[in-house]
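Working notes for the structure below.
Each reported figure results from applying straightforward, stated rules to the coordinates on display, with no laboratory input. What you see is a predicted model; the values in this text were computed from it and never measured. Counting neighbours? That spans all protein chains shown, and the Cβs are built from the backbone with ideal geometry, glycine included.
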Amino acid sequence: MVSLYRKSYPITNERTYVRYFRVLGIFYAIKLSVVYPLYYDVTRIATDVGSAKQFDGVINVCKKTLKVHGPLGFYRGYLMMLTGMAINYVFTPNFDPWKRFKSNVKAEGIGYGCVG
């Protein structure tokens, strides 16, 4: 698997790849831990449709979630989101649609706001 990333990332040592992806995974897990309650709130408000609305706003969602499920109620679905992010970051460097455009920009000198 390490050989798949040699073209995508300019790192020469295989141990550096492993460290890189380990640190990247830890970083994204921490980032998701901080931001996930906001995703939860927005999702609950977005799915609250119809004539009998359950929530009035973000603060109301937070209060009702804390009352019913406690603080861990904000992290329902966290592992599924983290798994989806991990799969996304494994396959994104290999199937990057902009990779060809970036190489053309460097090779032909086009883009970067330059004309001619």
What nm distance separates the two modelled labels at Val49 and Lys63, each placed 7 Å from Cα along Cα→Cβ?
2.6 nm
Distance in nm between Tyr89 and Lys31 label points, each 7 Å along Cα→Cβ, equals 0.7 nm
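Between Val18 and Tyr39, what FRET efficiency follows from the Cβ-Cβ distance if R0 is 22 Å, with the result rounded to 0.05? Don't skip to the end; give the middle numbers.
On the way: r = 29 Å, r/R0 = 1.33.
Given R0 = 22 Å and the Cβ-Cβ separation, E is 0.15.
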